[in-house]
Amino acid sequence: MCGIAGIVDLKKGIRTGELESMTKVISHRGPDDEGYILLDRELRTQEAIGNDTCAAIKGKNLFPMIGDLQDEYVMGFGHRRLSIFDLSEAGHQPLSDKTGKIWLTYNGEVYNFPEIRSELKERGYDFHTGADTEVVVASYLEWGEQCVTHFNGMWSFAIWDGRNHKIFCSRDRLGAKPFHYFLTNDKFIFGSEIKEIVQCADVPRVINEEVLAANLIYNLTDYNDQTLIKGIKALLPGYNLSARINVQEQKITDVNVYQYWDVAMTEEQDTAWEPAVIEKEIDRSIKYRLRSDAPLGALLSGGLDSSILVTKACGQLKERGENTADFQTFTACYENAGEHDETKYAKLVNRYNGCSENLVYPRPSGSVEKHFEELVWHLEGITYFSFFGVDEVLRAVEEKKIRVILNGQGSDETMFGYERYYAFYFKELLKKLKFGRFLKEYKLAVKNSRLTFRELCMHFAYFCFPMVRNGRKSSMAAKYYTPVVKKNLSAKQINQLLFPKTLDKMLYTELHNTQLTHILRFDDRLYMKHSIESRVPFIDYEYVEQACRIPSGKKIHNGYTKSILRQIMDGKMPDEITWRKDKVGFSSPVERWAEKIPEAYMDDLIQNARSGKYFNLKEIKTLFKKCPAHTVIQNFLSVEIFMRLFDVEAA
């Protein structure tokens, strides 16, 4: 788990200082090692090191410091390492094949690398490390760009193929690891995070008003390949990018951005949806993600998904002969916070499995406003007070020196876990004229969820009828945002994303555009802020492919969401967890934190607002005094702070 960086500049040549700045600004992603590879106009390579290069590499005195190199280079890769597999210097990157023609800078984990390595050994390849990086290089040599179809894991990487003068980049199927880039006909800049790209002076820093509008009005943050800064793109999940480097003509040619994986949305009536088949996929996914040479634990909220992971992981650890008392879980606890606090459920799971529990009582570090600024810097966009809780839990994980954490993200999207799925499911039943099933499930949903009859009706109207949802959003936008915001909104695209015509399309959209991509970006940035690798078993692509074949009536059944998972775990963990009806979700007492933001701080932001083109500042000031935790206030704080920290101008 690491951070990657790269610059290609075929006309002016690269500035090594900018490449070094790119890696420094993401040092949190890889505190264990630092490395570089540079290519001159003859495409000859030069390795270099930095201040944070591991002592074992530095001690060999083989390479110059990156800051000492002044020659004219047209390409450079940088790398920051967080050591997870093979903790020795053998995992140093960028890594080459034995010919020095193939170079890789890589962020992620290929969980099935032992199996791939065995296959490649049979084909004549030799391996000298215990890291998966070496397997990625060999896989590219064997299968070319199709190598990624052999991987099960999470990754973003760039390969320089000197044999073909080509750069090949890839991002994992569901987007657990990020890849951002800026591309012109003679320049290509890429990195794990946006903050790297803007280290380069030639990159314009102008707000992307279309993306901003979708962010502010509909909370759509990662629905396409655009970012909040115009011209900086994200390589989409399940996509590759390749390009030819023509040094003589000073051009980047044959750019090809293409999808290598997609999930089929079919409800096949076969054994694929049977609980035993799904359980087998869950067990395999967790087995893969328990592979680590670094200390490993889990986040445990006490909800269904994290409880399943902890229970399943502990079962596998016992089978391996390991003591579950050494398996540490971390839980956010909130005193006098009512429904926000799930401590009792987490304690129940820990006792059942014999885990070592860590109960964390989140309090923002330092002043609330400075903590919020810190989160905006790392999350690179719209941020919420609710992230304070997760951030403080991860700080506790970091203090325990645990490098790998399992978490339960991604389950709701595949197994219809959110309460809004009731609305889409009921609409589908009515369209299919299944009135008896509709009435039965509607009554049971009231019984087996925390929604009242009235709340369920409101959910149905809000999520199923564009007029209701759009009307509410437009009303809020008209009051708090300037007309320029709505003017830049693509209404047709928004309606396609938020109001799909079928359940299959809704599930597909939530996995690829409106929900999972949004969650996984937050997940990556929050964990890597603390130099922790997040592993998410419920987004294993083989599990997702199977889960998407399950008929909707098996996911919502007898009024319960995620019915298949509940059936799987029935009798295998406490019933109080398995059959919980009060889903809490991503919850924390944000009001108590928002009230601590000084009025003088807010006044300064408003009076000197870079984002004044987009916000009705008078209404923002009034709203802050009445309700400092309001979503609109969080949006204003996020955008204004983002524009300041990243030195972004209004369009």
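The values are calculated or read from the model by the stated rules, or taken from the named source; none is laboratory data. What you see is a predicted model; the values in this text were computed from it and never measured. All Cβ positions, even for glycine, are placed from backbone atoms using ideal geometry, and neighbour counts span all protein chains on display. Side chains are part of the model used for accessible areas, which takes the heavy atoms of the whole protein and leaves out ligands, DNA and RNA. Shrake-Rupley method; radii C 1.70, N 1.55, O 1.52, S 1.80 Å.
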**Prompt:** Scanning segment 232-247 for residues that are under 20 Å from residue 176 (Cα atoms) and of a type outside the set (A, V, I, L, M), which turns out surrounded by the fewest Cβ atoms within 10 Å (Cβ to Cβ)?
**Reply:** 240
**Positions within segment 208-231 being buried (at least 23 other Cβ atoms within 10 Å of the Cβ) and among the β-branched types (Val, Ile, Thr), in sequence order** = 229
**Request:** Being under 30 Å from the mean Cα position of the chain (by Cα), in contact (Cβ under 8 Å) with a residue 60 or more places away in the chain and surrounded by 17 or more Cβ atoms within 10 Å (Cβ to Cβ) is the filter here, so list the residues in segment 24-50 that pass it.
**Result:** 25, 26, 28, 29, 30, 33, 37
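Only residues that are surrounded by 15 or more Cβ atoms within 10 Å (Cβ to Cβ) and either touching a residue at least 60 places away in the same chain (Cβ under 8 Å) or of a type in the set (Lys, Arg) (or both): list them for segment 443-468, please. I'd like the intermediate steps shown before the answer.
Pass one, segment 443-468, residues surrounded by 15 or more Cβ atoms within 10 Å (Cβ to Cβ): 444-446, 448-449, 451, 456, 459-460, 463-464.
Those that are surrounded by 15 or more Cβ atoms within 10 Å (Cβ to Cβ) and either touching a residue at least 60 places away in the same chain (Cβ under 8 Å) or of a type in the set (Lys, Arg) (or both): 444, 445, 446, 448, 449.
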**Request:** Kindly provide the set of residues from segment 479-501 that are loosely packed, with under 13 Cβ neighbours inside 10 Å and within 21 Å of residue 619 (Cα to Cα), ordered by number.
**Result:** 479, 483, 487
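Given 278, 245, which one is modelled with pLDDT of 95 or more and over 30 Å from residue 361 (Cβ atoms)? So that I can check it myself, show each step before the final result.
Working: 278 fails: modelled with pLDDT of 95 or more.
Selected residue: 245, the only one of 278, 245 that is modelled with pLDDT of 95 or more and over 30 Å from residue 361 (Cβ atoms).
Which residue, of 121, 58, is of a type in the set (Lys, Arg) and at pLDDT below 95?
Values: 121 fails: at pLDDT below 95.
From the options 121, 58, the qualifying one is 58.
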**Message:** Any residue in segment 588-602 that is farther than 23 Å from residue 342 by Cα sitting within a Cβ distance under 9 Å of a residue that is polar (S, T, N, Q) and surrounded by 13 or more Cβ atoms within 10 Å (Cβ to Cβ)? List the pairs, counting only those 6 or more apart or interchain.
**Reply:** 596/367; 597/367; 598/367; 601/367
**Request:** Quickly run through segment 592-651 and pick out the residues that are acidic (Asp, Glu) and either at positive phi or open to solvent by less than 50 Å² (accessible area, probe 1.4 Å) (or both).
**Result:** 603, 640, 647
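State yes or no: is residue 210 within 22 Å of the chain's Cα centre (by Cα), charged (D, E, K, R) and within 23 Å of residue 74 (Cα to Cα)?
Details: within 22 Å of the chain's Cα centre (by Cα): yes; charged (D, E, K, R): yes; within 23 Å of residue 74 (Cα to Cα): no.
For residue 210, the condition - within 22 Å of the chain's Cα centre (by Cα), charged (D, E, K, R) and within 23 Å of residue 74 (Cα to Cα) - is not met.
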**Asked** Of all residues in segment 110-166, which are under 23 Å from residue 539 (Cβ atoms), free of Cβ contacts under 8 Å to residues at least 24 places away in the same chain and among the acidic types (Asp, Glu)?
**Response** 115
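Which helices (runs of 4 or more DSSP H) sit wholly inside segment 482-562 and have at least 3 residues that are of a type outside the set (Val, Ile, Thr) and closer than 30 Å to residue 398 by Cβ?
Details: elements: 483-487, 491-498, 503-509, 516-529, 541-547, 552-555.
Fully inside segment 482-562 and qualifying: 516-529.
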**Request:** Evaluate the following for residue 254: is it farther than 22 Å from residue 538 by Cβ and either surrounded by fewer than 16 Cβ atoms within 10 Å (Cβ to Cβ) or over 24 Å from the mean Cα position of the chain (by Cα) (or both)?
**Result:** yes
**Prompt:** Looking only at helices (runs of 4 or more DSSP H) that fall completely inside segment 343-419, which ones have 3 or more residues that are under 28 Å from residue 229 (Cα atoms)?
**Reply:** 368-379, 387-399
**Asked** With respect to residue 193, is the statement that it is open to solvent by 10 Å² or more (accessible area, probe 1.4 Å) and among the acidic types (Asp, Glu) true?
**Response** no
**Item:** Close pairs from segment 367-380: first surrounded by fewer than 19 Cβ atoms within 10 Å (Cβ to Cβ), partner among the polar types (S, T, N, Q) and assigned to a loop (DSSP other than H, G, I, E, B), Cβ under 9 Å, at least 6 apart
**Value:** 374/365
